[in-house]
Every structure is written in structure tokens, then in C-alpha cells.
Amino acid sequence: MIACPECGEDGDLRRDKADIVCDGCGHRWSSASGVCASCGGTDLVKRPRPLTQFSRGTQLSIVGWVDVDCCVVCDADALDRAVAAGGPLPAGYIPAAREPRPSGAASSDQ
Ligand SMILES: [Zn+2]
Ligand SMILES: [Zn+2]
């Protein structure tokens, strides 16, 4: 659960693009900087992820790289896999640190 770092409010929070806004006190902070959107933890690591776009229909091509925040708890599986694969995250991977995961939707594709 995310709570406002200023007033501790955890109900009247809303997202504004990449920010989180507290309707209790008006404090605004970036959800991309250090707070996991799924568990509220602050143990985040940055990982490179390829930016891809479809060219010629179904061919995915890498057009760049972006560093994304991953939660060492919620994104542990993806981080493990990324390390095993040499570093980068899978293309299109949305870290749980950025998009809250519905609980119980943990990956079962071992
Ligand atoms: Zn607040
Ligand atoms: Zn987390």
C-alpha cells in the first residue's frame, strides 16, 4: 500500500501521469522515484528495457533503451530472469513497481 510521505494518507491518493498526488495535503511525488506501486516498498533497482516498435506488421525491432524501476520484491522473478539473460528486461515488461499487480496474478510460467 502506498502512503503519502508527508501526511501518511493512504486512501485519497490518485495518479497523475507518472506522479502520485495526495488529495489530503496536496503533496505530489513521482511514482517512478523510489516507491513500488504494488507493495509501496522503496527497494527499487533500475534495469534497462528495450523500447520496441512493430515494423512491417509483426517484426519487433528495438528502437532504443529505457531504464525502468523494478521492485526487488515484486519484480524478483523478472530481475532474476534478466540477470540470467545478461541484464536487460524483456521487451514490453511492465514492472510491478510501476503498475500495481492484482494480487494472486503471480506468474506461474516456470
Ligand atoms: Zn498527504
Ligand atoms: Zn514491490
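Listing for the model above:
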quantity	calculated
All positions within region 4-19 that are within 9 Å of ligand 1 (Cβ to nearest atom) and either touching a strand residue (DSSP E or B) at 6+ places or on another chain (Cβ under 9 Å) or modelled with pLDDT of 90 or more (or both)	C4, P5, E6, C7, E9, D12, L13
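Yes/no per residue for (1) at pLDDT below 85; (2) within 16 Å of ligand 1 (Cβ to nearest atom); (3) part of a strand (DSSP E or B); (4) surrounded by fewer than 11 Cβ atoms within 10 Å (Cβ to Cβ):
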position: I2; (1), (2), (3), (4): yes, yes, no, no
position: V21; (1), (2), (3), (4): no, yes, yes, no
position: C25; (1), (2), (3), (4): no, yes, no, no
position: G41; (1), (2), (3), (4): no, no, no, no
position: P90; (1), (2), (3), (4): no, no, no, no
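The values are calculated or read from the model by the stated rules, or taken from the named source; none is laboratory data. Predicted, not measured: the structure shown is a model, and the values here were computed from it. Note that we place each Cβ from the backbone using ideal geometry, even for glycine, and neighbour counts take in every protein chain shown.
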